[in-house]
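**Q** Got a structure here, written out as structure tokens. Questions coming.
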């Protein structure tokens, strides 16, 4: 079995950390800056548009902790706006909370859920057709991945878009918020098909409109 946490970090470009902050490694950044689609898993799988645009997105977003932190911050803003209490030890760091749990089994489940959600979101505009799957398959062969991880990604790409599978993975309200945040970061919200997908996903995840708006706001800041 592959390591879901490791694969998600590779996917988000957070495996190379500098000064304790999630980010892209120098070699990965060099490849992305040149528009290379072989440098990043997110670039390989989600670059229906411009590889350079995807590189910029991953550079701004960083690794798993940053995505979790985005949902965590939006959640606490939402709680505060409705007069509720924020998550214990609320702050910028979600480590040890439901958004970034300490137990390995919980962190693995979160990682798989976010990976599946981002790949599903990438299918929303229909750009991953058979020809695109073949192109991506060739790029995955070039990537430095464990065979099990490569097989997982290939199988996820072959599956038809299944929003219900994404929703089923949201076993907690906090994970539902993270899944929406990851999906929002994976795609271009200016595309009508992707707008419709995000709206449907938020409804199926039963996100409060105010929480959805807070996630959208934080995602826009992350990508600005």
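**Q** Can we say residue 115 is in contact with a helix residue (DSSP H, G or I) (Cβ under 9 Å, 6 or more places away or on another chain), within 22 Å of residue 1 (Cβ to Cβ) and buried (at least 20 other Cβ atoms within 10 Å of the Cβ)?
**A** Yes; evaluated as a whole, the condition is true for this residue.
**Q** Here is a list: 212, 139, 134. Which entry is assigned to a helix (DSSP H, G or I) and closer than 21 Å to residue 66 by Cα?
**A** Answer to the selection: 212.
**Q** Would you please list the contacts, defined by Cβ atoms under 9 Å and residues six or more apart or on different chains, that run from a residue in the range 194-215 that is at positive phi to a residue that is surrounded by fewer than 16 Cβ atoms within 10 Å (Cβ to Cβ) and at pLDDT 95 or above?
**A** Sorted first by the residue in the range 194-215, then by its partner, the pairs are 206/173.
**Q** Quick one: how many residues across the range 1-17 are out of contact with any helix residue (DSSP H, G or I) (no Cβ under 6 Å at 6 or more places or on another chain) and modelled with pLDDT of 85 or more?
**A** Summing the residues that are out of contact with any helix residue (DSSP H, G or I) (no Cβ under 6 Å at 6 or more places or on another chain) and modelled with pLDDT of 85 or more in the range 1-17 gives 2.
**Q** Any residue at all in the range 150-159 that is without any contact (Cβ under 8 Å) to a residue 40 or more places away in the chain, farther than 18 Å from residue 8 by Cβ and surrounded by 16 or more Cβ atoms within 10 Å (Cβ to Cβ)?
**A** No: zero hits.
**Q** How many of the residues in the range 202-219 are within 14 Å of the chain's Cα centre (by Cα) and farther than 24 Å from residue 83 by Cβ?
**A** Residues in the range 202-219 being within 14 Å of the chain's Cα centre (by Cα) and farther than 24 Å from residue 83 by Cβ: 1 in total.
**Q** From the list 182, 177, 165, exactly one residue is within 14 Å of residue 120 (Cβ to Cβ), in contact (Cβ under 8 Å) with a residue 12 or more places away in the chain and under 15 Å from the mean Cα position of the chain (by Cα). Which is it?
**A** None of the others qualify; the one that does is 182.
**Q** Then there is this: Among the residues that make up the range 182-192, is at least one of them part of a helix (DSSP H, G or I) and either loosely packed, with under 15 Cβ neighbours inside 10 Å or modelled with pLDDT of 95 or more (or both)? Before you say what the answer is, go through the steps one by one.
**A** As a first pass, look at the range 182-192 and keep what is part of a helix (DSSP H, G or I): 182-186, 192.
If we keep only those that are either loosely packed, with under 15 Cβ neighbours inside 10 Å or modelled with pLDDT of 95 or more (or both) too, we end up with 192.
For the range 182-192, residues part of a helix (DSSP H, G or I) and either loosely packed, with under 15 Cβ neighbours inside 10 Å or modelled with pLDDT of 95 or more (or both): present.
**Q** Please specify each residue of the range 71-95 satisfying the condition of being in a loop (DSSP other than H, G, I, E, B) and either farther than 17 Å from residue 172 by Cα or modelled with pLDDT of 90 or more (or both).
**A** Step one: of the range 71-95, the residues in a loop (DSSP other than H, G, I, E, B) are 82-94.
Correct list: 82, 83, 84, 85, 89, 90, 91, 92, 93.
The values are calculated or read from the model by the stated rules, or taken from the named source; none is laboratory data. What you see is a predicted model, and the numbers here were worked out from it, not measured in a lab. Reconstructed Cβ throughout: ideal geometry from the backbone, glycine too, with neighbour counts over all protein chains shown.
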